[in-house]
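Derivation of every value follows stated rules applied to the coordinates shown; laboratory data play no part. Everything quoted here is computed from the prediction, not taken from an experiment. Every residue, glycine as well, gets a Cβ built from its backbone with ideal geometry; the counts of neighbours run over all protein chains shown.
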Amino acid sequence: MSYEEEVEVHRRLIDDLNVELVGLLRRRVDAALKAGRVKRRHGRPVRDPAREEAVLGQVRTLAAGRGLDPDGIERVLRDVIRLCVEAEEAAA
């Protein structure tokens, strides 16, 4: 098997996983938007630093348990949280 044939198998998998990741991010933003509506209805702020820290702690633990770098996963989740907060703020 040539390099191109061999690497293409992995690239197709990565492409498929990217589709799944974008779908999951869409679902996460949708959930954040729904939470944002509840927050507004109850006069609460969009940001909840204690909740954000709890989520980051949770994903760090999940990452470590799956052999991933907790710091790297935390960086990714911070960006995901920012994406969701920005969507909530834009919807307000």
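Across the chain, the mean sequence separation of Cα contacts (distance under 8 Å, 6 or more residues apart), normalised by length, yields a relative contact order of 34 percent.
Loop-located trypsin sites (Lys or Arg not before Pro) in the range 1-67 (DSSP state not H, G, I, E or B) with no more than 11 neighbouring Cβ atoms inside 10 Å: Arg66.
Dividing the helix sum by the residues of the chain, where each DSSP H run of 4 or more adds -39500 (n - 2.57), gives a mean residue ellipticity at 222 nm of -30000 deg cm²/dmol. Roughly what angle does helix 3-41 make with the longest principal axis of the chain, taking Cα atoms, 0 to 90 degrees, to the nearest 10? That works out to roughly 10 degrees. Dipole magnitude for the chain: about 980 debye, using +1 per Lys or Arg Cβ and -1 per Asp or Glu Cβ, origin at the Cα centre.
Across the range 3-91, Cα-Cα distances exceeding 15 Å account for 68% of all pairs.
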